[in-house]
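Scroll down for the structure; my scribbles are underneath it.
The numbers here are math on the coordinates, done by the rules we state, and not lab data. What you see is a predicted model; the values in this text were computed from it and never measured. Please note: Cβ atoms are built from the backbone with ideal geometry, for glycine as well, and neighbour counts cover all protein chains shown.
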Amino acid sequence: MNNIPTNFPLFGQTITVQFFDDLVNKKNALGLCHYMANEIHLQSPNEEFCVEQIEQTFWHEYSHMIFWKAGFQKLADKEKLIDVFGSLLHQSIMAIHDNLNERNGTGEREDEDYYEELEDDEEDASEITDDELMKLAS
Ligand SMILES: [Zn+2]
């Protein structure tokens, strides 16, 4: 599994992300950004290129796309800027993703405990026999 979306919205348009087994061989690139087609093409991860490398490439191509679509076409061609910007986005978003998963995971566990306690109370109540009820009532 990877942390790359199959598509994402940008300025009211949908950008699709497609994987190719032979992108490196055919285009000599791990990723390509097709501005007019609203597509990002990525090399599929394999023995040579690991998932993290392709995720970083996604964020690189994503950065090309947002600069270009935002109207900064000249900046979209500055490879060094795009690479640093994409790497920072990659690092930051993965850290935020982990942080939210950690927080939400804890929240879910707390909720589950709460509902389990409620169910336990219901079970206890239903296990009280008529004799016990009479004793409690007296
Ligand atoms: Zn590039």
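Based on Cα contacts under 8 Å between residues 6+ apart, region 7-92 shows a relative contact order of 22 percent.
For region 1-110, GluC sites (Glu not before Pro) meeting the loop criterion (DSSP other than H, G, I, E, B) and having at most 10 other Cβ atoms within 10 Å: Glu47, Glu48. Under a 5 Å amide H cut-off, with hydrogens placed 1.01 Å from N, Phe19 pairs with Leu42 among residues at least 5 apart or on other chains. Excluding same-chain neighbours fewer than eight residues apart, the lysines reachable from Lys27 by a Cα-Cα span under 25 Å are Lys69, Lys74, Lys78, Lys80. Restricting the chymotrypsin sites (Phe, Trp or Tyr not before Pro) of region 1-100 to loop positions (DSSP other than H, G, I, E, B) with no more than 15 neighbouring Cβ atoms within 10 Å leaves Phe11, Tyr35, Phe72. Spin-label model, Glu132 to Gln73: label points 7 Å out along the Cα-to-beta-carbon direction sit 7.8 nm apart.
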